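Worksheet: one structure, shown below.
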């Protein structure tokens, strides 16, 4: 009996002290509760926060202001790109520098491929040889292309999953971003085997499988991307069909993607066989020979809007809550989104172009507060955000994470964000809760853990407007 009791006690202890999941490089463990601590059912609806907003329908930026905002992000901060102004040639030294720098970052770290095998130096030598950096000329002719289907953008030309810890497949360190069909790209180089292309997209640079893009002329790209009459995706995702009855599925695009209205139709395409109204759009395509052309495609009207939505707090909050519980995807893996891509998609619906990563997003707009010196207390951050934070407008930047501020309730501050997990105090140590989706939480989430609460880790508050 005593022996059985001892075995039971050991098993129980192992359960409590077993490694827990939350962040790259750590083991998977405990799931988070479906409703996070200090969060009620009502808080998980947009109307709750809109009803508490002092000016939910005020236009924060009009069309001209949004244009100036994007121009500042591109030309002054150099955090986004207009693909049609790149070229016709690109400095070869810059391309070589980008590729070597990217490879160098991987050589610094201990990484693992599938089945837990260490990725040694010989592994990276093979990739570097295929990158064919030595063939890059002094001036590189820029080739232009569109992404054909939702595609991974990689930091190295490989589909292999590389992780900081064996079998940690959710956090592939090679994954840079996910690109929707129709994303323009300036192609600067390709691998020796002809399988991968390296290039620049509006918010990031990286490698894409060559089979996933279709080359076009600069004029074709200017015409397609310059259309003033367009639909923007306002649902979490929108399916693209090749027929008005919506039976020939082609691909899925995410919130914020936009496509020109097919000329002469005003977008109307009748009704599908299920009675669901559709609209007709222009879609970049490749024929049997691989040549670029624009063809008709169809999406359900309920998931798109003709032109951008007005930039008001109501719009942003409603769009953000459409993504509630959407799966987390590190670097956009599997066509999902991480914390920064979540904000990118939400603000794209009103026409605002945010940079790809969280650190860059914290540099855009108007800096409301900077706590990065580490001298500010939690109380100082709380008081400032409570008095000056603007729900639906203020972005909260942490190291490696961003959130959209929602407001205050019962003395607690809240945000909506896409997160992998959080740490919490547990017995004599801590455990990490697995979230892996878009959630509403208070800013004390993580309190007691070794990294501190979200409020502890807050570095900057940025308002998405011009001052």
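Observations, loosely collected:
- Enumeration of residues in region 118-132 that are in contact (Cβ under 8 Å) with a residue 40 or more places away in the chain and out of contact with any strand residue (DSSP E or B) (no Cβ under 7 Å at 6 or more places or on another chain): 129, 130, 131, 132
- Single residue of region 221-234 satisfying the filter (more than 18 Å from residue 354 (Cα to Cα) and touching a strand residue (DSSP E or B) at 6+ places or on another chain (Cβ under 6 Å)) that is surrounded by the most Cβ atoms within 10 Å (Cβ to Cβ): 231
- Filtering region 89-122 to residues that are surrounded by fewer than 16 Cβ atoms within 10 Å (Cβ to Cβ) and not in a helix (DSSP H, G or I) leaves 89, 91, 108, 109, 110, 117, 118, 120.
- Among the residues of region 182-196, those identified as under 21 Å from the mean Cα position of the chain (by Cα) and either surrounded by fewer than 23 Cβ atoms within 10 Å (Cβ to Cβ) or assigned to a strand (DSSP E or B) (or both) are 184, 185, 186.
- Of all the criteria given as (1) without any contact (Cβ under 8 Å) to a residue 60 or more places away in the chain; (2) surrounded by 17 or more Cβ atoms within 10 Å (Cβ to Cβ), the one not satisfied by residue 76 is (2).
- Within the set 415, 341, 369, the sole residue that is in contact with a helix residue (DSSP H, G or I) (Cβ under 6 Å, 6 or more places away or on another chain), at pLDDT 95 or above, surrounded by 23 or more Cβ atoms within 10 Å (Cβ to Cβ) and assigned by TED's automatic domain parsing to the domain that holds residue 50 turns out to be 341.
- Residues that are touching a strand residue (DSSP E or B) at 6+ places or on another chain (Cβ under 9 Å) and over 20 Å from residue 183 (Cβ atoms) number at least 3 in the following helices (runs of 4 or more DSSP H) confined to region 302-406: 313-322, 378-388.
- Matching entry among 237, 210 (being under 22 Å from residue 343 (Cβ atoms), surrounded by fewer than 21 Cβ atoms within 10 Å (Cβ to Cβ) and either out of contact with any strand residue (DSSP E or B) (no Cβ under 6 Å at 6 or more places or on another chain) or modelled with pLDDT of 95 or more (or both)): 237
The values are calculated or read from the model by the stated rules, or taken from the named source; none is laboratory data. Since we're looking at a predicted model, the values are computed, not measured. Here Cβ is always computed from backbone atoms with ideal geometry, including for glycine, and neighbour counts include all displayed protein chains.
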